[in-house]
Protein chains: 2
Amino acid sequence: MNHKPLLDYINKYINLTVEEETILISKVVLRNYLKDQYISQQGDICKSANFIISGCTKTFHVDMAGQEHIVMFSVEDWWTSDLGSFISQTPADFNVQCIENTQLIQFTYDNLEALYTALPKLERLFRKIIERAFIASQKRIIRNFSLTAKERYLIFKEAYSEIEQRVPQYMIASYLGITKEFLSKIKSQIIHNQ
Amino acid sequence: MNHKPLLDYINKYINLTVEEETILISKVVLRNYLKDQYISQQGDICKSANFIISGCTKTFHVDMAGQEHIVMFSVEDWWTSDLGSFISQTPADFNVQCIENTQLIQFTYDNLEALYTALPKLERLFRKIIERAFIASQKRIIRNFSLTAKERYLIFKEAYSEIEQRVPQYMIASYLGITKEFLSKIKSQIIHNQ
DNA sequence: AATAAATGTTAATCTAGTTTAACATCATTT
DNA sequence: AAATGATGTTAAACTAGATTAACATTTATT
């Protein structure tokens, strides 16, 4: 099937033997979602941790006023899930929705727990992955406090230029924590270099 | 010495034998810092991961305008360090400073790496600790986007009432991402219930 | 090709939170 | 007890970004 991207990714963190790779592959499922389909929904228990082979997802929270707030976009070679819901098997705070047709490799909760036992090396892998995610999240909090919306947009553009091409602007505004109208204004300011 | 709080804490996540506890203790150092002392400084490489036995620290970033932004407070039974700097041994984005006299247990980078090899169980421990930290961080991003400053303050008060008692108000304002003057205004609004 | 739906822009008005600055209170040191 | 420094309050003027609403452009559907 199409597990190579996952195995290549894992081998950047830890080394698996061919037998270990076989065990791992036996416990995962390859799935296809269409654009707009939900992988996981706010209020439900998030059933899988997902590694993206192709496509793009957004992870977002709908607040009490009905407003969407995007916490992350995920593309090829990234993970997507509501981690809080997944690890504690409690109702999710976030929706995970495909914004392109998306192919991913799913780890269910029980299968991942079984894999941790069968392949203790995976503890290290996921420790390292989550360390990085946590660090990025802390830095984002600081950027949100210390930078203006324009500065944050320019950093986003620089860091995730491919994502910017693939995603409608009103979603980028949501990710940056501003309205689509204000992002529009920022872009026109940049064009007329003010 | 005074390792019991750390061992009790660890035993909530994983079970260590007495021999394993001995190995762990042999690789850590108990240290005392005075109020206002820095455990780690922005620009330096963060040399330790620290478990707090007693006291309180703040982790903050100083931006280009010289403004302080607090990302977290840490008290007894929590960890404190610039994780990004620590795990990649690169210059820190954050300062970690004691806001009370603080006693803590330090894991240096090399000792922690050695411990991961000697006691692979610790990978699971730190995986779980960081999972929780990441989840809290993601939720905070959403709260910062979807709630007003007053709502965020009330949630902080509810969740961390003991910290509120121990820390000056201007630091709480910094943690909430607002000015001390505006926090003052919010508090007076709450008193006169508006 | 025409229509509808989704996405993006512009501009006026409004507001949550900042800035500045003066003053008040509390704690610590001499 | 006085003096100094740290912390907290109040109020007026200001601004980054939100809201509303009308319109423009692009994309998808018939």
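The values are calculated or read from the model by the stated rules, or taken from the named source; none is laboratory data. Bear in mind that the values here come from a model prediction, so they are computed numbers and not experimental data. Neighbour counts run over all protein chains shown; Cβ positions are idealised from the backbone, glycine included. Ligands, DNA and RNA are excluded from the accessible area calculation, which covers all protein heavy atoms including side chains. Shrake-Rupley method; radii C 1.70, N 1.55, O 1.52, S 1.80 Å.
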Exercise. Which one is farthest from the other protein chains (Cβ to nearest Cβ) among residues in segment B:133-169 that are among the acidic types (Asp, Glu) and open to solvent by 60 Å² or more (accessible area, probe 1.4 Å)?
Worked result: B:Glu162
For this session: Kindly establish whether B:Ile130 is aliphatic (A, V, I, L, M), in a helix (DSSP H, G or I), out of contact with any strand residue (DSSP E or B) (no Cβ under 9 Å at 6 or more places or on another chain) and within 9 Å of chain A (Cβ to nearest Cβ).
Result: yes
For this session: Hey, could you check segment B:65-93 for residues that are in contact with a Gly (Cβ under 8 Å, 6 or more places away or on another chain), in a loop (DSSP other than H, G, I, E, B) and within 12 Å of B:Ser40 (Cα to Cα) and say which is nearest to the other protein chains (Cβ to nearest Cβ)?
Result: B:Asp93
Exercise. Can you find even one residue in segment A:130-152 that is among the charged types (D, E, K, R) and within 12 Å of DNA strand C (Cβ to nearest atom)?
Worked result: no
Exercise. Within segment A:94-121, restricting attention to residues that are at the interface with chain B (Cβ under 9 Å from one of its Cβ atoms) and in contact (Cβ under 8 Å) with a residue 40 or more places away in the chain, which residue is farthest from B:Arg140 (Cα to Cα)?
Worked result: A:Lys121
Problem set entry | Residues of segment A:18-35 classified as open to solvent by 60 Å² or more (accessible area, probe 1.4 Å) and over 13 Å from A:Phe51 (Cβ atoms), total | 8
For this session: For A:Arg124, state whether it is within 11 Å of chain B (Cβ to nearest Cβ), under 27 Å from B:Ser146 (Cα atoms) and more than 16 Å from DNA strand D (Cβ to nearest atom).
Result: no
